[in-house]
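The structure under discussion appears below in the form of structure tokens.
Just so it is clear, none of the values below were taken in a lab; they were calculated from the coordinates. From a predicted model like this one, the values you see are computed outputs, not experimental measurements. When we count neighbours, we look across all protein chains shown, and the Cβ atoms used for this are built from the backbone with ideal geometry, even at glycine.
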Amino acid sequence: MFRVKASMAAKKILRPCFTRQMVKQGRLRLRFWILDCRLEMIRKGSRINERLWVMLFLLTIIVAWSSCRSRSTESPASAGPASTREVTDDLGRRVVVPTRIGRVVSLAPSLTENLYAVGAGDRLVGDTTFCDYPEEAKSVQKVGDTLSPSLETIVALRPDVVFVSTASQLESFKNVLEQNHIGVYVTNPNSLDAVLTDLRALGDLLGTVDRTSELLNELQERIAGVTQNVEGERAVPVFVQISKEPLFTIGKDSFVTALVAKAGGRSVTADVPSGYPKLSKETAVALNPEVIILSESDDNREPNEVFKNSSAVKNGKVYKISADLLSRPGPRLVDALEQIARDLHPDKF
């Protein structure tokens, strides 16, 4: 009699745990068939080994509990639309993004580096042909180059957010992406401090706060070391050559100008309007820098001939630094800071 009541009670209690999907698949009928068989056998007086009966009863309970647990952990997508939130990018634009961002596309090498640095590289589903660091970024699906990415490819990748680095990128495809419910987030740092601020914002946005805090603590410690070493030293006049022909350099709006200053130097073109101005030879001759820093690339391995009589060339103070380190506003910018500081004040390191 006890077993009859137990089986009937189990059948009544477990019924709510079964989902419609299980009914359609026939699993619900199977479980109730087991219970019904036990009831029928007991009513007819069938003798069942007590241990076997208990095992079957417990097995039914376990399977049913697993079904209940599976139902309670269904993905948010099956429960309804994903929740969203509103964030503000570097341009002050309000951008609507999912609460939990799972898929992103980067349209700049610096942004790709930053995503990996804050611990979100596994969410990167697309980047540009110029994105080559870290090594894993090379295997991510390419969506074209930085200035003319394929919108069809981006939309097909179904990202939650597309990260861009300039306002000029934004205007060319913002409307198309937003029509497909894809957020467009712009980062545009103009100094090393702004780079750190952007990294923190990225960690908050992607939910990798702990990893980002560790990264920022490390970077800030290294920056403080440079600052301490060059404190009180004379600011050395520096010319940063971005390209030899035509002659491009850094201007007032470039984050590299602030980087040179933090390293104990003074860019001789710090007051020139724009970020990366093109200089005439007449203007360049008058600069007479004490140090020339070359943003090293295949066509920029020596100073422009206009500097042949400068103090920098005469005294052999021409230094090269990887264009990737100098041009990408991300964690490796601190590597560039340390290298420039050592070149300008070797006795302090």
Quiz item: Which three extents, in whole angstrom, do the alpha-carbon atoms of region 146-259 cover along their principal axes, largest first?
Solution: 54, 44, 17
Exercise. Counting residues in region 263-349 as N, plug N into 2.2 N^0.38 Å and put the Cα Rg over that result.
Key: 1.10
Quiz item: Summing Lys, Arg as +1 and Asp, Glu as -1, what charge do residues with Cβ under 11 Å from the Cβ of ARG94 carry, ARG94 excluded?
Solution: 0
Quiz item: Out of the DSSP beta bridges found with both residues in region 84-188, what percent are antiparallel (nearest 5)?
Solution: 40 percent
Quiz item: With respect to the cross-link table entries LYS262/LYS314; LYS262/LYS348; LYS317/LYS348; LYS174/LYS278; LYS244/LYS278, which display a Cα-Cα separation exceeding 19 Å?
Solution: LYS262/LYS314; LYS174/LYS278
Quiz item: Mind listing which trypsin sites (Lys or Arg not before Pro) in region 266-318 are in a DSSP loop and have 13 or fewer other Cβ atoms within 10 Å?
Solution: ARG301, LYS308
Exercise. Determine, for LYS138, LYS262, the number of other Cβ atoms within 10 Å of each Cβ, and report the residues in order from fewest to most.
Key: LYS138, LYS262
Exercise. Would you mind counting up the charge near PRO189? Only other residues with Cβ under 9 Å from its Cβ, with Lys and Arg at +1 and Asp and Glu at -1.
Key: -3
